[in-house]
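Written below as structure tokens is the structure these notes are about.
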Amino acid sequence: MTHTNAPAGSPHGGWETRYRAALGRAGGRGEALLTGSAALALYGFRCVPAAADVRVVDVLVPAARRLTPPPGVRVHRPARRLPPPVRLPPGLPAAPPLHAAVDAVRALRGAHGGLDRDRTAALLGELRDAHGTAPAALAAALRAAGLHTRPDVAPVLAALGPADRAPAEIRARSVLRAAGLPPPLWRTHLHLDGYWLTTPHAHWPRTGVLLHLAEPPYRDDDGTVDHHNALESLGLHLVHTTPRQLFREPESFTAAVREALAAAPHGGVAGRLRARPWRRRVP
């Protein structure tokens, strides 16, 4: 289970009604997808407002469609064709995380309307560290969108570096291998009955055991705790660890993983989880 910015409020009112209305007004024959901050909120990004607090709903429509967006809706168009939709609870179609993040970067502005390097860095850093996007893929997507030279983007890309894996993930892989534990699947997006459920750093198939690497504390308003509780209500077992613990107390980490695997499978949904890594081509 991962910490995410889970949507708040009634499942059939408020923000959901607004999101569906935005899709309906822009979608024509149902082709519009949520993108930008609206989609990232549903994916669980902590650096964007919660779903109920997103003021402008970003939607992605076919390149050839021409329309004037209503107030509160911002329209984006792909360079070529729409990416495959991802169905997010409660059944809303969204662009894949990388595409949604690029659209969010395009729309990012600071308090006074200027570019905001800190917010850009937070978004791109979370995309890499919490959602497993390689810096090379991130740079290619931003280059294809013509954003890679923007003053708030170029230095952040340089700081992210060329490494495909964060140091904590490299350490976790090494510790698990040295302990002789079964290797998990890394950087996969887990779906339950066709819907995106969560994006752990790693998971062990058919066991219900998920790994999350993050530094607490978690903000009370970002949906992290709520999402964890929701995953635990399904019976899934989340092994929490921090980069500091991985380097200082690796034995505690491996003991927690070994204990969780020994008690597996966890929950009745473990066998229904499907791992689906993104395979989006960037021109």
#### Entry: The listed residue being modelled with pLDDT under 80 and surrounded by fewer than 20 Cβ atoms within 10 Å (Cβ to Cβ), out of GLU215, GLU251
GLU215
### Task
Specify which of the listed residues (GLY223, GLY208, GLY161, GLY132) is at pLDDT 75 or above and small (Gly, Ala, Ser).
GLY208
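More than 21 Å from the chain's Cα centre (by Cα), of a type in the set (A, V, I, L, M, F, W, C) and modelled with pLDDT of 80 or more, is that true of VAL175?
Spelling it out, VAL175 is indeed more than 21 Å from the chain's Cα centre (by Cα), of a type in the set (A, V, I, L, M, F, W, C) and modelled with pLDDT of 80 or more.
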### Task
Confirm whether PRO69 is modelled with pLDDT under 90, surrounded by 18 or more Cβ atoms within 10 Å (Cβ to Cβ), in contact with a strand residue (DSSP E or B) (Cβ under 9 Å, 6 or more places away or on another chain) and not aliphatic (A, V, I, L, M).
no
### Message
Can you tell me which condition VAL54 does not meet? The list is (1) surrounded by 13 or more Cβ atoms within 10 Å (Cβ to Cβ); (2) more than 16 Å from GLU16 (Cα to Cα); (3) β-branched (Val, Ile, Thr), and all the others hold.
### Response
(2)
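The values are calculated or read from the model by the stated rules, or taken from the named source; none is laboratory data. The structure displayed is predicted, hence computed values, not measured ones. Neighbour counts are summed over all protein chains in view; Cβ atoms, including those assigned to glycine, are modelled from backbone coordinates with ideal geometry.
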